[in-house]
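The values are calculated or read from the model by the stated rules, or taken from the named source; none is laboratory data. Since the model is a prediction, treat every value here as computed from it, not as a measurement. Cβ: placed from backbone, ideal geometry, glycine included. Neighbour counts: every protein chain shown. Protein only, heavy atoms only, side chains kept; ligands, DNA and RNA dropped before computing areas. Shrake-Rupley method; radii C 1.70, N 1.55, O 1.52, S 1.80 Å.
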Amino acid sequence: MSLTVYGTELNSRLLLGTSLYPSPKIMLDAIAASQCEVVTVSLRRESSTEKSGNAFWSLIRSANVRVLPNTAGCHSVKEAVTTAHMARELFDTPWVKLEVIGEDDTLQPDVFGLVEATRILIEDGFEVFPYTTDDLVVADRLLSAGCEVLMPWGAPIGSGRGLNNRYALTSMRAHFPDVPLIVDAGLGLPSHAADAMELGYDAILLNTAVAKAGDPVAMARAFAMGIEAGHLAHQSQPMPKRDMAAPSTPVFGTPFRD
Amino acid sequence: MNSVRIDIIGAGVAGLCTAKHFIDRGCHVSLYAQSMGIDESCCSWWAGGMLAPWCESESAEPLITRLGQEGLTFWSTHSPELRANGSLVVAQTRDRIELEQFAKRTTHHESVSATDIDRMEPDLAGRFTHGLYFDQESHLDPREALQSLLSSLQDSTLFDLHQGQHLDAHQRQPTPKAQWLIDCRGLAASDELTDLRGVKGEMLILESKDVTLNRPVRLLHPRYPIYIVPRKSHQFMVGATMIESDDKRYASARSVMELLSSAYALHPAFAEAALVEVGTDVRPAFMDNLPRIRRRGRTVYVNGLYRHGFLCAPALASRCVALTLDGIVDNEVVDENTD
């Protein structure tokens, strides 16, 4: 039942972001309630010096989860690569969630920059988790560059819209049956996460939907349950949709009537 | 009369409010400050000065709203400069969902239409179609409020002030005559309160004769929510960022751009405003962003006021007095009480 990425076995299929919570305490409680094993941490805003932000990082370390540093908000290859290097030093991990933003309004990935930055970082020994679109050609390039996991968007970051293009996500799953696929960004509800898991996705990465809920701790748990439900459902070979009703109890010859 | 003697260290909003509450109970207060007066060395200098317990409840715990209402009452009697014009919350049409969310998570507001907004804030006429009005909220100029509180303390024969003090370790013991030492040093107290952390904030002061606002205006935005608080002499405080960092050396270009661009979105005339100040400081906060009182022997810490210094300091001060003079423990804010 576990998921393996870059040789690491994960029992939880939820990866949780650490931004935007009302307080660090609520963030830690949400992490605990979700039982996630991986959290993403944004480096850009907390990192103007080595010393600053230390309190926040020790806090994250205290959660006893694996850290997936991200390059959130980076708009160029150079910026993303520099941020990734800083993250590796700080968190002592080869993992990086690579984000290269190409369009400011939709925060859409710059897929050209993404592929280029991925090549550079993999060459440097990183294990890259690329935040990408559902484009199959880009996905293929990222795999050729050495990625062992892909993270297509569900919808634009922070939009809470759910799976914008189920068709594209379905065909991505069909195209890459053996690659761990994680839906990253755009989800708002546990049903969105369950939806992605029912399509056969391996895990879900999210932040805003939990952090900006009125009760982030309860929502973290709700997402964990939705993800588990969707995953189990996918493995249980769901029944197909039918046009005609098929009664679960035979009615032919029912002897008693009102 | 042989009155109780209190030493207080720190002359920010927490220290001054605490001094005021002890003096009102007839105690003799000695206030020790590192600065030579009310100045930019204290975090309170950079505050917005919004007394907005209900707006804050959008993201803060209910405790803040309760403490904040006491703060509102305190300042309305102790700050001659307080303006009780309520506060206005607006969003651009495409961000209307933010306004709906804000309305759902707060109380004590009414929905206002374009016509209402035009009447309340004529300079915003035609710019916003929907808003929320919190009629019981107020605002003040933090620098003036600190100054007048200090002046009123200095009028009392029970008060003496020691400025330019190095608040080093031996001074962090009550002097032999004092019954209590109240530590209100803000983030500097993290040497003893190890779970205290800094949350960086950046703010601007703009000056423009082309815009007049009668009350604080919050502009909601999915990425860059800001508030603008009108001050005297055509000045406006624009705030404030919240960054997990204790580095207060610089405001970042990015933060200043975000604040300016939001101010411009509120009113294009801000593009022509003079940028009078760019301020940076670090707020003291505990893990849950809630304020605390801790007693360790004869030392009492009042800290963790986060972004709610003016809002919550009066309520914390009264609980600090109740703890030390009356032995009344409010478990909502006192999380340590040891001999």
So, with points 7 Å from each Cα along the Cβ direction, the A:Arg166-B:Lys177 label distance in nm works out to 7.9
Please report the carbon-and-sulfur percent of the accessible area for region B:91-157; probe 1.4 Å, protein heavy atoms only, DNA, RNA and ligands left out. 46
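Quick one: if the Förster radius is 30 Å, what FRET efficiency do B:Arg96 and A:Ser191 give, using the C-beta to C-beta distance and rounding to 0.05?
Details: r = 24 Å, r/R0 = 0.81.
Efficiency at R0 = 30 Å is approximately 0.80.
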Excluding same-chain residues fewer than 8 positions from B:Lys200, which lysines have a Cα within less than 25 Å of its Cα? A:Lys25, A:Lys51, A:Lys212, B:Lys248
Which one of A:Pro109, A:Trp153, A:Thr93 has its Cα pushed farthest toward the positive end of the charge dipole of region A:92-187, where Lys and Arg give +1 and Asp and Glu give -1 at the Cβ? A:Trp153
Peptide B:285-291, shielding by other chains (average Cβ, 10 Å cutoff): 4
Modelling each spin label as a point 7 Å along the Cα-to-Cβ direction, I'd like the B:Gln165/B:Ala125 distance in nm, to one decimal. 5.5
0 to 90° range, to nearest 10: angle between helix B:253-266 axis and chain B longest Cα axis: 50
Spatially proximal lysines relative to B:Lys209 (Cα-Cα < 28 Å; intrachain offsets below 8 disregarded): B:Lys232
Sequence neighbours fewer than 8 away in the same chain don't count; with that in mind, list the aspartates and glutamates whose C-alpha is under 17 Å from B:Lys177. B:Asp7, B:Asp160
Please tell me the relative contact order of chain A in percent, rounded to the nearest whole number, where contacts are Cα pairs under 8 Å and at least six residues apart. 19
Spacing of the two label points (7 Å from each Cα toward its C-beta) at B:Asp210 and B:Val4, in nm: 5.6
Please work out how much accessible surface B:Arg5 shows to a 1.4 Å probe, ignoring ligands, DNA and RNA, in Å² rounded to 10. 70
Which value, in Å² rounded to 10, gives the accessible area of B:Asp155 with a 1.4 Å probe and all protein chains present? 130
Using only helices, what value at 222 nm comes out for the protein assembly as shown when you add -39,500 (n - 2.57) per DSSP H run of length 4 or more and divide by the total residues, to the nearest 500 deg cm²/dmol? -9500 deg cm²/dmol
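Work out the mean other chain Cβ neighbour count within 10 Å for the residues of A:55-67 and drop it here as an integer. Spell out each step's value before the answer.
Working: counts 12, 7, 1, 1, 4, 1, 0, 1, 0, 0, 0, 0, 0.
That works out to 2 on average.
Given a Förster distance of 41 angstrom, what is the FRET efficiency for B:His234 paired with A:Glu103, based on the Cβ-Cβ distance and rounded to 0.05? If you can, show how the numbers build up before the last one.
Details: r = 38 Å, r/R0 = 0.93.
Working from the Cβ atoms, E equals 0.60.
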Does anything in region A:59-81 have its amide N under 16 Å from the 7 Å Cα→Cβ label point of A:Glu123, and if so which residues? A:77-81
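Would you please name the GluC sites (Glu not before Pro) within region B:37-131 that are DSSP coil residues with at most 14 other C-beta atoms within 10 Å of their C-beta?
Working: sites: B:Glu40, B:Glu56, B:Glu58, B:Glu70, B:Glu81, B:Glu98, B:Glu100, B:Glu110; in loops: B:Glu40, B:Glu58, B:Glu81.
Sparse-neighbourhood loop GluC sites (Glu not before Pro): B:Glu40.
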What average count of beta carbons from other chains do you get within 10 Å of the Cβ of residues in A:212-222? 1
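Just reorder A:Ser144, A:Ser23 by solvent-accessible area, largest first, 1.4 Å probe, all chains present.
A:Ser144, A:Ser23
Counting only protein heavy atoms and rolling a 1.4 Å probe, how much accessible area do A and B lose on contact, total for both sides, in Å² to 100?
Buried surface at the A/B interface: approximately 1700 Å².
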One finds, for B:Asn337 and B:Ala84 with R0 = 56 angstrom and r their Cβ-Cβ distance, a FRET efficiency to the nearest 0.05 of 0.95
